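Enquirer: Could you have a look at this structure, given as structure tokens, before my questions?
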Amino acid sequence: MTTITRLLTYAVPDELYSTATTLGKTSTQLYEGPAEIILWIDDESGVVEEIWSAPDDLTDRDPALNQRVEILRADSDINCMKIGLIYGGLATPKVYEVAVGPSDLPNISLSDPSDIRSVYKIHPVEQDYTADLQFVTLDRDRSDEFIRDERNSRLAASDSKLASDMPESLRTIWLNYRQRLRDLPSEWADTPNHLIKFPISPDEHMDTDFDDDEVTVVMIADRTDDDADAIAQLPGGAD
């Protein structure tokens with residue numbers, strides 16, 4: 001497989017999950033991937049069904065009768081981005097510690113909001129690789145009602161955790177956890193709902209934002225100027 005290296009420059013929205021570009025913001029990212037990929041595309045729908053990088057992993061079998069073969073070449077920033085989204089060629093994105101919510105609660109970790117995979121949708125490229133790239137938007141409801149429903153569900157699940165004969169120290173831990181749940185979402189009023197972090201249940205024993213040995217998190221104190229630019233993609237209420 002022939003690979004190329006190219007520094008990509010691409011538009012980013014005014015903030016993460018927005019489609020507005022009034023600020024004219026851009027970002028850059030290194031592409032190190034195949035010079036081209038082979039696409040097996042469904043004739044009727046235009047959907048990319050299989051992807052190969054020639055000649056390394058190209059199968060010996062022929063495409064199905066309903067499939068046509070097309071080549072996507074990494075000859076422009078846009079095409080490199082499309083290959084990066086549906087096949088590969090982009091480095092693992094950084095993960096950042098981000099301060100949100102009450103100061104006495106743990107921070108959250110987020111994948112680089114300026115990374116191409118955070119900025120642009122993958123699925124539309126798979127549906128029609130010739131179409132324009134689309135910004136990622138929130139794809140699930142994170143309204144106040146959703147937060148309250150999730151809070152109530154977690155409260156109900158913890159009802160049975162309290163017992164009259166349990167150690168007082170453990171009882172206090174569960175009571176504090178349940179109070180933190182009751183304080184949602186009012187305690188996080190200045191934080192966008194999609195960044196709200198539910199309190200960690202005493203049963204979970206670990207903070208999945210920071211206790212994954214396979215993920216290196218860039219802590220707030222260790223950010224570079226480039227890191228600060230990436231974090232600037234987050235909406236108000238996050239730092």
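Enquirer: Being over 19 Å from the mean Cα position of the chain (by Cα) and among the charged types (D, E, K, R) is the filter; apply it to the stretch 14-32 and report the residue that is modelled with the highest pLDDT.
Expert: Looking at the filtered set, the residue picked out is Glu32.
Enquirer: So Arg68 clears everything in (1) surrounded by 17 or more Cβ atoms within 10 Å (Cβ to Cβ); (2) assigned to a strand (DSSP E or B) except one condition, right? Which one?
Expert: For Arg68, the exception is condition (1).
Enquirer: Still on this model: If you take the residues of the stretch 194-223 that are among the β-branched types (Val, Ile, Thr) and more than 18 Å from the chain's Cα centre (by Cα), which of them is farthest from Leu234 (Cα to Cα)? Steps first, please.
Expert: Narrowing the stretch 194-223 to residues among the β-branched types (Val, Ile, Thr): 196, 200, 208, 215-218, 220.
From what's left, more than 18 Å from the chain's Cα centre (by Cα): 200, 220.
Details: Ile200: 23, Ile220: 14 Å.
So the residue we want is Ile200.
Enquirer: Output the residues belonging to the stretch 149-193 that are surrounded by 13 or more Cβ atoms within 10 Å (Cβ to Cβ) and under 25 Å from the mean Cα position of the chain (by Cα).
Expert: Once the filter is applied, which keeps residues that are surrounded by 13 or more Cβ atoms within 10 Å (Cβ to Cβ) and under 25 Å from the mean Cα position of the chain (by Cα), the stretch 149-193 yields Glu150, Arg151, Arg154, Leu181, Leu184, Pro185, Glu187, Trp188, Thr191, Pro192, Asn193.
Enquirer: Still on this structure: Any residue at all in the stretch 45-65 that's crowded, with 18+ Cβ neighbours inside 10 Å, in contact (Cβ under 8 Å) with a residue 12 or more places away in the chain, touching a Gly at 6+ places or on another chain (Cβ under 7 Å) and not assigned by TED's automatic domain parsing to the domain that holds Asp128?
Expert: No.
Enquirer: Find all pairs meeting these conditions: Cβ atoms under 9 angstrom apart; at least six residues apart or on different chains; first residue within the stretch 98-120 and on the phi > 0 side of the Ramachandran plot; second residue outside any loop (DSSP other than H, G, I, E, B) and of a type outside the set (Gly, Ala, Ser).
Expert: Matching pairs, first to second residue: Gly101/Ile108; Gly101/Glu187; Gly101/Trp188; Gly101/Leu195.
Enquirer: With (1) assigned to a strand (DSSP E or B); (2) surrounded by 15 or more Cβ atoms within 10 Å (Cβ to Cβ) as the list, and Glu15 as the residue in question, which single condition is left unmet?
Expert: It fails just one condition, (1).
Enquirer: Quick check on this structure: which one of Ile4, Ile38 is surrounded by fewer than 17 Cβ atoms within 10 Å (Cβ to Cβ) and in a strand (DSSP E or B)?
Expert: Numbers: Ile38 fails: surrounded by fewer than 17 Cβ atoms within 10 Å (Cβ to Cβ).
One residue alone meets the criteria, Ile4.
Enquirer: While we're on this one: Does the stretch 79-96 hold any residues that are surrounded by fewer than 20 Cβ atoms within 10 Å (Cβ to Cβ), of a type outside the set (Val, Ile, Thr) and outside any loop (DSSP other than H, G, I, E, B), and which are they?
Expert: If the condition is that a residue be surrounded by fewer than 20 Cβ atoms within 10 Å (Cβ to Cβ), of a type outside the set (Val, Ile, Thr) and outside any loop (DSSP other than H, G, I, E, B), then Asn79 is the only one that fits.
The values are calculated or read from the model by the stated rules, or taken from the named source; none is laboratory data. What you see is a predicted model, and the numbers here were worked out from it, not measured in a lab. All Cβ positions, even for glycine, are placed from backbone atoms using ideal geometry, and neighbour counts span all protein chains on display.
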